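The values are calculated or read from the model by the stated rules, or taken from the named source; none is laboratory data. From a predicted model like this one, the values you see are computed outputs, not experimental measurements. Glycine gets a Cβ as well: all are built from the backbone with ideal geometry, and neighbour counts include every protein chain shown. Accessible surface areas use protein heavy atoms only, side chains included; no ligands, DNA or RNA. Shrake-Rupley method; radii C 1.70, N 1.55, O 1.52, S 1.80 Å.
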Amino acid sequence: MPLWLQALVWGTVAGAALVLGAALSWRWNLPSKLVSSIMSFGAGVLISALAFELVGEAVEGGGLWPTVAGFLAGAVVYVGANMMLSRAGAKHRKRSGNQQPSEADSPGSGSAIAVGALLDGVPESVVLGVGLLAGGAVSPAMMAAVFISNVPEGLSGSAGMKKAGRSARYVFGLWGGIAVLCGVASLIGYVALENAPGSVVAFITAIAAGGILAMLADTMIPEAFEEHHNLTGLTASVGFLAAFTIHHLGG
């Protein structure tokens, strides 16, 4: 299979985890502590992946300063965009409780939530495509990290949307569309940087890493802590070790 097609397929598969999480949440009323536990585990997995798979490899391939600049830029851009979306009604897009506003309470919040969910998913997908440039195959640790973290995102976000009165058509249309766009983002990450210098690849990879860490701190970890604070740190630590083990065994 050509590498560009692998980038498209793996990005779409990772995004499909959002649909899986949404389906589980829509079919069953899962306990909030279970959802938060999965979310904190996914947060730990992503932290491990961005440390060892993204930042570490960016430094090795392109140098320290492009990595530092990209990481800071990614964090700043994500936080700035997230602040604007929060004002438009997407602040609690990952919350599983009654925090999400309905369209009647906050007109336009549905669109803001959709854009916010896309903002959360694109950086993860881009790095899947970029990762193919170095090894010629998707990183098992990064793929596992993105997939595992996307399931609780779909779970929690869909539970909140359901309680806010949003329809199944809206929820599954949103996550399905984002899954497709995740595949496209992975493809773009591969194609756009196929012949780029190492410093540019490092900069873009670090942008994604900075955005992912900011997303974790702003959305996933607060949701997990709010519902299951006593074990959030331990569960995240187990997720970190799981991803680190996959990274180590993968070579």
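Using a probe of 1.4 angstrom and keeping all protein chains present, the accessible surface of segment 121-251 works out to 40 square angstrom per residue.
A full extension of the chain between residue 194 and residue 5 corresponds to an added length of 66.7 nm, given 0.36 nm per residue minus the alpha carbon distance. Helix 3-27 and the longest principal axis of the Cα set of the chain meet at an angle near 20°. Taking the accessible area of the chain, probe 1.4 Å, and keeping the other protein chains in place, the carbon and sulfur fraction comes to 71%. Couplings 3J(HN,Hα) of segment 46-52, computed from phi: 5, 4, 5, 5, 6, 6, 8 Hz, in residue order, whole Hz [Karplus 6.51 cos²θ - 1.76 cosθ + 1.60, θ = phi - 60°; x for Gly and Pro]. Note on residue 87 and residue 238: their simple-model spin labels are 4.1 nm apart, each label 7 Å out from Cα toward Cβ.
What is the diffusion coefficient of the chain in µm²/s, taking the Kirkwood radius over Cα pairs and the Stokes-Einstein relation at 20 °C with a viscosity of 1.002 mPa s? D, rounded to a whole number, is 121 µm²/s. Taking a point 7 Å from the Cα of residue 230 along the Cα-to-Cβ direction, the residues of segment 36-79 with backbone N closer than 19 Å to it are 36-41. Rounded to the nearest whole Hz, the Karplus-based 3J(HN,Hα) values (6.51 cos²θ - 1.76 cosθ + 1.60, θ = phi - 60°) of segment 70-80 follow the sequence x, 4, 5, 4, x, 5, 5, 4, 4, 4, x, with x at glycine and proline.
Less than 5 angstrom separates the built amide H of residue 231 from none of the residues sequence-distant by 5 or more or on a different chain.
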